Amino acid sequence: MVEPRRLLLIFFLSTLLIAYSNANVEEIQKDTEEGDEEVKVGGQKALGVTYDARSLIINGKRELLFSGAIHYPRSTPDMWPDLIKKAKQGGINAIETYVFWNGHEPVEGQYNFEGEFDLVKFIKLIHEHKLYAVVRVGPFIQAEWNHGGLPYWLREVPGIIFRSDNEPFKKHMKRFVTLIVDKLKQEKLFAPQGGPIILAQIENEYNTIQRAFREKGDSYVQWAGKLALSLNANVPWIMCKQRDAPDPIINTCNGRHCGDTFYGPNKRNKPALWTENWTAQYRVFGDPPSQRSAEDLAYSVARFFSKNGSMVNYYMHYGGTNFGRTSASFTTTRYYDEGPLDEFGLQREPKWGHLKDVHRALSLCKRALFWGFPTTLKLGPDQQAIVWQQPGTSACAAFLANNNTRLAQHVNFRGQDIRLPARSISVLPDCKTVVFNTQLVTTQHNSRNFVRSEIANKNFNWEMCREVPPVGLGFKFDVPRELFHLTKDTTDYAWYTTSLLLGRRDLPMKKNVRPVLRVASLGHGIHAYVNGEYAGSAHGSKVEKSFVLQRAVSLKEGENHIALLGYLVGLPDSGAYMEKRFAGPRSITILGLNTGTLDISQNGWGHQVGIDGEKKKLFTEEGSKSVQWTKPDQGGPLTWYKGYFDAPEGDNPVAIVMTGMGKGMVWVNGRSIGRYWNNYLSPLKKPTQSEYHIPRAYLKPKNLIVLLEEEGGNPKDVHIVTVNRDTICSAVSEIHPPSPRLFETKNGSLQAKVNDLKPRAELKCPGKKQIVAVEFASYGDPFGACGAYFIGNCTAPESKQVVEKYCLGKPSCQIPLDSIPFSNQNDACTHLRKTLAVQLKCA
């Protein structure tokens, strides 16, 4: 981030507006009250999108941009309007998305812009909601998406080296990027055409691998920049995490705390933009839960904007679902579920609401931030104030920071004693009134509930059929073929078969000694069969793809058949030389024979891409008729299960809980909802993901569900649930500031919308639901979290009565803290700052 001591110089220079067209500034007019001053170039309103050191300037006005990432293929088109609407209600004014090359061109020259890949429809919906759009064209995107968004066929272009100054790669990259930009221009979706797109991105976090290509990396960056500019989109282009982004492309920050880690724009005429503020951490199978608190997110945003930042993009605001085989290596089907909107599109509180509040607080500071100059004041050993003041006016905004991570501190600022909780920032839009503190959450909390569907699980019966391991496959080679090249991203699976003749003297003489099959593999996993019997499986991990399978096996005198099912869990999505990544078995030996270790790696291997059930499309209604289904027994590896369920009641989101299953994939009405892997446990001895989203758009009144179980799980406990966040909570103390939603700017000054600014608990049911029960209420020193509150050492006996009076039967309620009487005779709370904790049920 730009150091405070440099800000004054930067702001002096920024008065020389650098338009994107490099025009000179002749006049800056300020004619509104809330920082929406018009910027004029050559005496005319500056149309389109320009920038200077302070911010983007959109159609002549500066903007503080609060952007939320929503990836169109990670949800269904029927979900898009609601996701965009909820983002806007949370104070988001821009939606960011990547463009997914392998979704749009899965086969060279064959394009797909339909359904969940209808990019134009998605951008137009953003425009309908009066929001801006940020389009990250890439075309390499990473995004924990299969192959980083690059189509598989690109790997097989002769002489290609991904993301380097390499003619084959540049040829195909230029063709696709030009296609996308032209398509968006034809639909008039860029801001100068009246559309919503204000920024476009070329490449993605290239600095992380640039040195691997030496001078070819440096020249590629320059080429990519020139390519972007040549497309005449007439909006600024950005490169994230790219220190040497060529002018006039803006280099931007990705990370959790860009207010402290960003080295700043590489030229003084460029604004400080934050393209990825990670709302949690994506998860791979085998990971424990990933968390990032609302308080930490709000702190990072307030700090970045206090230090000259003017745009933040939440990655992800809505993560969604990696349907089918779209996730990258070992990445879970659920993506960034801990964002402000969870996988099901429900508001995750308090993250959604607390970020809405920080957006509101910062918006109240717009005039000072846009037209003022910063000063940094030391208030204590770990405390500081960054004050923005517009000369000659009353416009002033202050950000008071306590960087002590353990202790709250009191500071004196302009004659006021102000308490700052540990590691927090208080926002004062008029340099006098605290309207927001990053550590004190005034918005409500909620808890997610998975409710077993009575309708869907009624008469839910399973049938099964098994895959038969093949013998003596054709397509023979001396050694097993590399797995990425063999499957070509058309399936996760490929069979390898071989046979060997053993004599009686080859086999161990002792009955308690068995030979061992050893398979060393480059990834990702293998199931082994010997003479038709399942021998076992092994797999790698996200960190270490390679592994060794070793299993005792039963061999016989005469011909023995070995069948290995290699499987993948997504293609790689990052790093240099991705086209040279490999997977599959590399060494196969049998140990423990009387004649010694036998290397059968070059024994001659037959190959089959995919498994029979995939070829027959058993997951479709028509395909399922091609085999004989039977009643399920104890299960086993490589087993298909089929059942039917009725659409669940209501309109809440739907999920399937995969209790008792191992690893595989789920299809509903012929559409894959993604990979599951329940028996790959985290260090906490729990599955990384247990519930899998079934979009309502996939459902009919009666629904075919098909499971492919690889490892012997039994579906008897699998069930359908609906999902809600009908448990709402609040925890507000006597020291909480009033919500920034209670303030506005009028006539250039901060004003309260209401007379009573005392602390209060505010709660609202989702949708059109009402409060039907008070499940917990305590005014005193309660502890815990939403869904698990507990009474502390003291509580006001009337707490529940008061809350019921204010809330029962209503869609929302506000409970002033001073409405609850507290007995002075309770010694445990005499000197305590009291907290009101409330948990309500909506229905």
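Overview of values
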item: Cβ-placed point charges (K, R +1; D, E -1), dipole of the stretch 758-842 about Cα centre in debye, nearest 20; result: 440 debye
item: Separation of alpha-carbon centers, the stretch 482-510 and the stretch 365-391, rounded to whole Å; result: 68 Å
item: The stretch 146-174 versus the stretch 770-812: alpha-carbon centroid distance in Å; result: 59 Å
item: Over the stretch 703-821 - Rg/Rh using Cα atoms and the Kirkwood inverse-distance radius; result: 1.18
item: Taking all pairs of distinct alpha-carbon atoms in the stretch 554-637, Kirkwood radius in angstrom; result: 17.6 Å
item: Kirkwood-based shape ratio for the stretch 55-348, expressed as Rg/Rh from alpha carbons; result: 0.93
item: Rounded accessible area per residue of the chain, 1.4 Å, Å²; result: 39 Å²
item: Cys residues of the chain counted as unpaired, since no other Cys beta-carbon is under 4.7 Å; result: CYS240, CYS365, CYS465
item: Positive dipole terminus of the chain, leading residue within GLY635, SER230, ILE600 (C-beta point charges); result: ILE600
item: Rg/Rg_globular for the stretch 235-348, with Rg_globular taken as 2.2 N^0.38 Å and Rg from C-alpha atoms; result: 1.18
item: Rg and Dmax of the stretch 468-609, Cα atoms only, in Å; result: 15.5, 51
item: For the stretch 147-210, the spread of Cα positions along each principal axis, largest first, Å; result: 41, 24, 19
item: Charge dipole magnitude, Cβ of K and R +1, D and E -1 - the chain, Cα centre, debye nearest 20; result: 500 debye
item: Degrees between helix 215-230 axis and first principal axis of the chain (Cα, 0 to 90, nearest 10); result: 60 degrees
item: The stretch 739-794 - Rg over Rh from alpha carbon coordinates, Kirkwood radius; result: 1.12
item: Cα centre as origin, Lys/Arg/Asp/Glu Cβ charges: the stretch 55-348 dipole, Debye; result: 800 debye
item: Peptides 689-696, 830-837 ordered by average Cβ neighbours within 10 Å, highest first; result: 689-696, 830-837
item: With Cα atoms, 0 to 90° folded angle of helix 294-306 axis to the chain main axis; result: 60 degrees
item: Accessible surface of the chain [probe 1.4 Å, protein heavy atoms]: carbon and sulfur percent; result: 49 percent
item: Radius of gyration and Dmax over the Cα atoms of the stretch 758-842, both given in Å; result: 12.8, 43
item: Relative contact order [Cα under 8 Å, 6+ residues apart], the chain, whole percent; result: 11 percent
item: Correct choice for log10 I(q)/I(0) by the Debye sum over Cα atoms at q = 0.06, 0.07, 0.09 Å⁻¹ that was computed from the model, options (i) -0.39, -0.53, -0.89; (ii) -0.58, -0.66, -0.92; (iii) -0.46, -0.62, -0.97; result: (iii)
item: Whole-number percent relative contact order across the stretch 55-348, with pairs defined as alpha carbons under 8 Å at least 6 apart; result: 19 percent
item: Positive-pole candidate from LEU440, PHE169, PRO374, dipole of the chain, charges at beta carbon; result: PRO374
item: Fraction of beta bridges assigned by DSSP in the chain that are antiparallel (%, nearest 5); result: 80 percent
item: The stretch 51-119-the stretch 341-361 distance, computed between alpha-carbon centres (Å); result: 18 Å
item: HIS410 accessible area, 1.4 Å probe, all protein chains in place, Å² to nearest 10; result: 110 Å²
item: The stretch 583-649: GluC sites (Glu not before Pro) in DSSP coil with no more than 10 other Cβ atoms inside 10 Å; result: GLU622
item: Descending semi-axes in Å of the stretch 132-238, equivalent ellipsoid built from Cα gyration tensor; result: 25, 15, 13
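The values are calculated or read from the model by the stated rules, or taken from the named source; none is laboratory data. Note that the structure is predicted; figures quoted are calculated from it, not measured. Counting neighbours? That spans all protein chains shown, and the Cβs are built from the backbone with ideal geometry, glycine included. Surface accessibility is based on the protein's heavy atoms, side chains included, excluding ligands, DNA and RNA. Shrake-Rupley method; radii C 1.70, N 1.55, O 1.52, S 1.80 Å.
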